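**Q** My questions all concern the structure below.
Quick note: the coordinates plus some simple rules give every number you see, no bench work behind them. Here the structure is a predicted model, which means the values were calculated and not measured. Ideal geometry is used to build each Cβ from the backbone, glycine not excepted, and the neighbour counts take in all protein chains shown.
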């Protein structure tokens, strides 16, 4: 099991620089970084808190699926945000995390090998390398958002959760957790700051999303691959982060769904 040295909060803070709005903490093991920051938010935690764990014992993905990894082989990160924008805009947060992950890894040498599949799947050579989960938390100080991601750092082939997954090690990319965390957090800070100030990032997201401009099939039930689906040409991203697909000459907007890239 090829583990890698743990993330160092001081090193990450130094790499981010003094102007960063993130306050980074690390821990060897926890149940769930999302759950930890949700509890912190309920106790009045401020925006900008970051928790990075070497191992999660109760990590979760979409639809309450378990998200597990061998200790030391992944980077489990959550951030606490308190957006000023209306809650109905908060669906953008998961998309911004997906863009931050792919852009961050691209800056570390992934280049065109990494793709962002709508809404937030980061793929290297067509294989998933990161899981993302964003949650709304109601607190006495107003609503908060917890955005979490689990990045496969040094899994070997025998440890992959599914055959369609990969890791930075298997892809021949840098596995220094401090550099990886810094690249993603720096890009997320930039994206979130502009989005929270009211910027429309639809065009920027579309430019970085490999789904736009190609034929796709959208399954409306994300949990059932054989569910009813629609096929067409993905042509853009709507103002609320919807995938815009041209089907029989008409543009349809999909706010949710499982996307398959067609050849």
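**Q** Pull out the extension gain between residue 220 and residue 39, defined as 0.36 nm times the separation in residues minus the alpha carbon to alpha carbon distance; nm, one decimal.
**A** 61.9 nm
**Q** Rounded to the nearest 5, what % of DSSP beta bridges with both residues in the chain are antiparallel?
**A** 85 percent
**Q** Going by a ≥ b ≥ c, the root eigenvalues of the Cα gyration tensor, does segment 141-218 fall in the rounded group (a/c under 1.5), the prolate group (a/b larger than b/c) or the oblate group?
**A** Judged from the Cα gyration tensor, segment 141-218 comes out oblate (a/c at least 1.5, b/c at or above a/b).
**Q** Can I ask one more? I'm a student and want to see the number: the projected area of the Cα convex hull of segment 75-118, averaged over all directions, in nm².
**A** Average projection, Cα convex hull of segment 75-118: 4.1 nm².
**Q** Can you tell me the FRET efficiency between residue 125 and residue 207 if r is taken as the Cβ-Cβ distance and R0 is 30 Å, rounded to the nearest 0.05?
**A** Efficiency computed from Cβ-Cβ geometry: 0.90.
**Q** Hey, another quick one. Suppose R0 equals 35 Å; then what is the FRET efficiency for residue 162 and residue 255 from their Cβ-Cβ distance, rounded to the nearest 0.05?
**A** Efficiency for this residue pair is about 0.85.
**Q** Just want to confirm a number: the relative contact order over the chain, from Cα pairs under 8 angstrom separated by 6+ residues, in percent.
**A** Worked out over the chain, it gives 18 percent.
**Q** With a Förster radius of 22 Å, plug the Cβ-Cβ distance of residue 176 and residue 113 into 1/(1 + (r/R0)^6) and report the FRET value to the nearest 0.05.
**A** Efficiency, rounded to the nearest 0.05: 0.75.
**Q** Evaluate 2.2 N^0.38 Å with N set to the residue count of segment 212-261, then give the Cα radius of gyration divided by it.
**A** 1.03
**Q** Turning to a different aspect of this structure: Over the Cα atoms of the chain, what radius of gyration and what Dmax do you get, in Å?
**A** Rg then Dmax for the chain, in Å: 17.8, 54.
**Q** Any chance you could run the full-extension gain for residue 23 through residue 89? It's 0.36 nm times the residue separation minus the Cα-Cα distance, nm to one decimal.
**A** Computed gain between residue 23 and residue 89 is 21.3 nm.
**Q** Rounded to whole Å, give me the distance from the Cα center of segment 159-181 to that of segment 87-133.
**A** Comparing the Cα centres of segment 159-181 and segment 87-133, I get a distance of 14 Å.
**Q** What ranking do 228-235, 142-149 get when scored by the average of other Cβ atoms within 10 Å per residue, highest first?
**A** In descending order of packing, they fall as 142-149, 228-235.
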